[in-house]
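The values are calculated or read from the model by the stated rules, or taken from the named source; none is laboratory data. Note that the structure is predicted; figures quoted are calculated from it, not measured. Because the Cβ atoms are built from the backbone with ideal geometry, glycine has one as well, and the counts that use them run over all protein chains shown. The area values use the complete protein model at the heavy-atom level, side chains included, leaving out ligands, DNA and RNA. Shrake-Rupley method; radii C 1.70, N 1.55, O 1.52, S 1.80 Å.
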Amino acid sequence: MTAGDKDRPGPITTLLAEDHRRLDRLLRSASAAADHVDQAVYDQFRAGLLRHIGMEEKLLLPAVQRWRGGEPLPIAAKLRLDHGALATLLMPTPTVQILATIRRILSDHNRLEEGLEGLYALCDRLPAAEMESLLEALQAAPSVRVMQHSDSPAVMKTLEGALGRAGYCLEPIPTPTVGES
């Protein structure tokens, strides 16, 4: 490895950071119109985010914990709380408030994963054989089937709890400024 190689992201970082960008594009596209959500695009985002969370929960976090001799990564608990909050936010029908909350969490969360000492960089430091096996498993991760939205009081209560445990709350509903309708 040359000095320049240390500055370049490894294959796991490259794969999953690009997936973050793809999910960001889908979320922006789904909510491009101020008055409605493009449900077909949002459904792609939902399925993609759930698949991404599954890859991290089922593959990355356990791999790093094994590599650390059974010791969980210090940020693992926070990542899992964020994953729970994000998954719960995908249950109700998307609203401006829910989409803003998803964006807020992803902004904070993605930095934890993509940073120089983040989850992805640690996975790129795994022994070569384990990293290659992990990369293959990530690329082969199956699509996720999503359920219909539910706006029941139980879902909303669960959502509030999951957000609170992760240190978030629903973002405030933007109020129109003078001159907007």
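Give the longest segment of the chain that steers clear of GluC sites (Glu not before Pro) in DSSP loops with at most 12 neighbouring Cβ atoms within 10 Å, not counting the sites themselves. Spell out each step's value before the answer.
Working: sites that count: Glu117, Glu180.
Here the longest segment lacking exposed loop sites spans 1-116.
Under the Kirkwood approximation applied to all pairs of distinct alpha-carbon atoms, what is the hydrodynamic radius of segment 94-181 in Å? Provide the component values of the computation, followed by the final result.
On the way: mean 1/r = 0.0599 Å⁻¹.
It works out to 16.7 Å.
Divide by every residue of the chain the summed helix terms, -39500 (n - 2.57) for each DSSP H run of at least 4, and state the resulting mean residue ellipticity at 222 nm, rounded to the nearest 500 deg cm²/dmol.
That comes out to -20000 deg cm²/dmol.
Any idea which of Ser31, Gly69, Leu116 is furthest toward the positive side of the dipole for segment 25-141, if Lys and Arg beta-carbons carry +1 and Asp and Glu beta-carbons -1?
Farthest towards the positive pole: Ser31.
Kindly state, to the nearest 0.05, the FRET efficiency for Ala129 paired with Ser107, given R0 = 45 Å and r defined as their beta-carbon distance.
Here the calculated transfer efficiency is 0.85.
What does the charge count near Leu27 come to, summing +1 for each Lys or Arg and -1 for each Asp or Glu among other residues with Cβ under 13 Å from its Cβ?
Values: positive: Arg21, Arg22, Arg25, Arg28, Arg46, Arg103, Arg104; negative: Asp19, Asp24, Asp38, Asp43.
Summing Lys/Arg as +1 and Asp/Glu as -1 gives +3.
Count the net charge of all other residues whose Cβ sits under 9 Å from the Cβ of Ala17, scoring Lys and Arg as +1 and Asp and Glu as -1.
Combined, the nearby Lys, Arg, Asp and Glu give -3.
Treating only the Cβ of Lys, Arg, Asp and Glu as charged (+1, +1, -1, -1), what charge dipole size does segment 36-115 show about its Cα centre? Round to the nearest 20 debye. Write down the numbers at each step before the final one.
On the way: 10 positive and 9 negative charges, 31 e Å.
It works out to roughly 140 debye.
Tell me, what is the per residue accessible area of the chain in Å², probe radius 1.4 Å?
Details: 10220 Å² over 181 residues.
I get 56 Å² per residue for this part.
The chain: D in µm²/s via Stokes-Einstein (Kirkwood Rh, Cα pairs, 20 °C, 1.002 mPa s)? Spell out each step's value before the answer.
On the way: Rh = 17.6 Å.
The estimated diffusion coefficient comes to 122 µm²/s.
Once you have a ≥ b ≥ c as the square roots of the Cα gyration tensor eigenvalues for segment 93-134, tell me rounded if a/c is under 1.5, and otherwise prolate or oblate according to whether a/b is larger than b/c.
Details: a/c = 8.44, a/b = 2.66, b/c = 3.17.
Here segment 93-134 falls in the oblate category.
Taking only the alpha-carbon positions of segment 41-113 and ignoring solvent, what does the Debye formula give for the base-10 log of I(q)/I(0) at q = 0.16, 0.26 Å⁻¹?
Listed by q, the Debye log ratios stand at -0.59, -1.26.
Once the other residues with Cβ under 11 Å from the Cβ of Glu171 are scored (Lys, Arg +1; Asp, Glu -1), what is the net sum?
Values: positive: Arg103, Arg104; negative: none.
Once positives and negatives cancel, what remains is +2.
What nm value, rounded to one decimal, do you get for the distance between Asp24 and Ala121 when each label is placed 7 Å out toward the C-beta?
1.7
Counting only protein heavy atoms and a 1.4 Å probe, tell me what percentage of the chain's accessible area is made up of carbon and sulfur.
Working: 5960 of 10220 Å².
So the carbon and sulfur contribution to the accessible surface is 58 percent.
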